[in-house]
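Chemist: Quick one: structure below, then a few questions.
The values are calculated or read from the model by the stated rules, or taken from the named source; none is laboratory data. Small disclaimer: the values here were computed from a predicted structure and weren't measured. Don't worry about glycine lacking a Cβ; one is built from the backbone with ideal geometry, like all the others, and counts go over all protein chains shown.
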Amino acid sequence: MALAVTLAACSPGDGGAAEDPEEPAPAGAQPLPAPSPACEVTGGLIPSCGAWWGIAPEIFTGLDVEKAVASAEKRMGAPADIVHVYHRGKELFPTEKEIRLARDPERPRLLLINWKPSLTSTWAEIARGAVDGRIDRLADHLRRTFPERFFLTIHHEPENDVDPAAGSGMRAKDYAAMFRHVVLRLRHKGVKNAVTVMTYMGAPNWAVQPWFEELYPGDDVVDWVAMDPYADHRVHDFGTLVNKTREEFGEWPGFYRWMQWRFPGKPVMVAEWGVFERPDDPAFKRAFFESVRHQIRRYPQIKALVYFDSPYAPRGDTRFDTDETADKAFTALARDPHFRSTRVPRP
């Protein structure tokens, strides 16, 4: 795939430097900048200035979601705009605890809800109606309990679940049909407040597969596009995280470049990102978080950055505060004006 993409010009940071009275500064930290009154939020939850700051807090620890969010916000010395939560199968969402987080009168948060509609039915079966009763039950729950806008991604990172064999029910086209069916049925049943997100893995080896483009469900059912890249041994800074390439896949330009070319009018979310420990380079996390702060404005189509915070991530420890220098760098990033330019709308 040959693409010629020019990255948009770097934009200046938004927001002022006044202290936000809702969030006291941790010891030694600068006050949080106040959101700019000129920065607004669209119906599709796109901030007109900067980007949302989000977190999936203390995943795989068993900690209650409210306690996990409170702990993460205290650890990073800044509030989260987005809280990423995960549901599967028959589970109804948002839960009472998630609703309380979204409706916190002092610090409302946007929910990014990650839902796998079934762990037993194939994508093709879901597209043909196998879990329609489940979808309808969820729609009824949402109509009754949660009219606020929220992000919804359906069966994220589908690439490594694709089985291209005819009749598998798990082809890329089946995924697209499944995603469309779920979104359109929710809308038909009265769910109008879900801002839909198509979430890719962000890995070059999948992106060069001949079926890759067939995963996309269509502009009419996708509001945001997202990637889930992690800082593996090939990554050394934020730029190489969001534009991962590999020598053996020389035709792949990187996910951000591809998204600029493929979805020029859609906001981009980094729905999961994490930095693993490097025993041979103890300062890597600190340096990486500093690179995000220095480089994020080079990628203006990225309108949300959601960190995956876990001591038990599948390939390592992604906690942001495993040492003091990393913690300070992450706090500086979380408090940067780029992520403090727009206030989450109050319910």
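Chemist: Which of the following residues is closer than 20 Å to Lys266 by Cβ and either at pLDDT 60 or above or in contact with a His (Cβ under 8 Å, 6 or more places away or on another chain) (or both): Ser48, Ser11, Ser71, Ser36?
Modeler: Ser48
Chemist: Of the numbered conditions (1) crowded, with 22+ Cβ neighbours inside 10 Å; (2) in contact with a strand residue (DSSP E or B) (Cβ under 7 Å, 6 or more places away or on another chain), Asp174 satisfies every one except a single condition; which is it?
Modeler: Unmet for Asp174, out of (1) crowded, with 22+ Cβ neighbours inside 10 Å; (2) in contact with a strand residue (DSSP E or B) (Cβ under 7 Å, 6 or more places away or on another chain): (2).
Chemist: Restricting to segment 288-324, name every residue that is over 18 Å from Phe238 (Cα atoms), touching a helix residue (DSSP H, G or I) at 6+ places or on another chain (Cβ under 9 Å) and among the polar types (S, T, N, Q).
Modeler: Thr322
Chemist: Determine, yes or no, whether Val225 is surrounded by 15 or more Cβ atoms within 10 Å (Cβ to Cβ) and either more than 19 Å from the chain's Cα centre (by Cα) or assigned to a loop (DSSP other than H, G, I, E, B) (or both).
Modeler: For Val225, the condition - surrounded by 15 or more Cβ atoms within 10 Å (Cβ to Cβ) and either more than 19 Å from the chain's Cα centre (by Cα) or assigned to a loop (DSSP other than H, G, I, E, B) (or both) - is not met.
Chemist: Another question, if that's okay. Looking at Ala313, Ala271, Ala304, which one is within 24 Å of Pro79 (Cα to Cα), surrounded by fewer than 24 Cβ atoms within 10 Å (Cβ to Cβ) and of a type in the set (A, V, I, L, M, F, W, C)?
Modeler: Ala313
Chemist: Then there is this: Please go through segment 103-157 and pick out each residue that is of a type in the set (A, V, I, L, M, F, W, C), surrounded by 18 or more Cβ atoms within 10 Å (Cβ to Cβ), part of a loop (DSSP other than H, G, I, E, B) and within 24 Å of the chain's Cα centre (by Cα).
Modeler: Once the filter is applied, which keeps residues that are of a type in the set (A, V, I, L, M, F, W, C), surrounded by 18 or more Cβ atoms within 10 Å (Cβ to Cβ), part of a loop (DSSP other than H, G, I, E, B) and within 24 Å of the chain's Cα centre (by Cα), segment 103-157 yields only Phe146.
Chemist: Looking only at segment 184-191, decide whether some residue is surrounded by fewer than 18 Cβ atoms within 10 Å (Cβ to Cβ) and of a type in the set (A, V, I, L, M).
Modeler: Yes, that holds for at least one residue.
Chemist: Right, something else. Mind telling me which of the residues Ala124, Ala78 ends up being within 27 Å of Gly167 (Cα to Cα) and touching a helix residue (DSSP H, G or I) at 6+ places or on another chain (Cβ under 8 Å)?
Modeler: Checking each option against the conditions leaves just Ala124.
Chemist: Assess whether His87 counts as being touching a residue at least 12 places away in the same chain (Cβ under 8 Å) and assigned to a strand (DSSP E or B).
Modeler: Criteria met by His87.
Chemist: Looking only at residues in segment 242-256 that are out of contact with any Leu (no Cβ under 9 Å at 6 or more places or on another chain) and surrounded by fewer than 21 Cβ atoms within 10 Å (Cβ to Cβ), which one is farthest from Ile296 (Cα to Cα)?
Modeler: Per the criteria, the residue is Glu248.
Chemist: Which residue pairs have Cβ atoms under 7 Å apart, sit 6 or more places apart or on different chains, and have a first residue in segment 160-171 that is within 21 Å of Met227 (Cβ to Cβ) and surrounded by 10 or more Cβ atoms within 10 Å (Cβ to Cβ) and a second that is among the basic types (Lys, Arg) and modelled with pLDDT under 95?
Modeler: none
Chemist: Of the residues that make up segment 85-106, is at least one at pLDDT 95 or above, over 20 Å from Val221 (Cβ atoms) and among the aromatic types (Phe, Trp, Tyr)?
Modeler: Yes, there is a match, as at least one residue in segment 85-106 is at pLDDT 95 or above, over 20 Å from Val221 (Cβ atoms) and among the aromatic types (Phe, Trp, Tyr).
Chemist: So, of the residues in segment 190-205 that are of a type outside the set (Gly, Ala, Ser), touching a strand residue (DSSP E or B) at 6+ places or on another chain (Cβ under 8 Å) and not in a loop (DSSP other than H, G, I, E, B), which turns out to be nearest to Gly250 (Cα to Cα)?
Modeler: Tyr200
Chemist: Within segment 40-83, how many residues are crowded, with 16+ Cβ neighbours inside 10 Å, part of a loop (DSSP other than H, G, I, E, B) and not hydrophobic (A, V, I, L, M, F, W, C)?
Modeler: 6
Chemist: Also: Return yes when Ala203 is crowded, with 21+ Cβ neighbours inside 10 Å, closer than 30 Å to Val292 by Cβ and at pLDDT below 95 and no when it is not.
Modeler: yes
Chemist: Just checking, which of Gly218, Gly239, Gly265 is small (Gly, Ala, Ser), in contact (Cβ under 8 Å) with a residue 12 or more places away in the chain, surrounded by fewer than 21 Cβ atoms within 10 Å (Cβ to Cβ) and within 27 Å of Ala177 (Cβ to Cβ)?
Modeler: Being small (Gly, Ala, Ser), in contact (Cβ under 8 Å) with a residue 12 or more places away in the chain, surrounded by fewer than 21 Cβ atoms within 10 Å (Cβ to Cβ) and within 27 Å of Ala177 (Cβ to Cβ) holds for just one of Gly218, Gly239, Gly265, which is Gly218.
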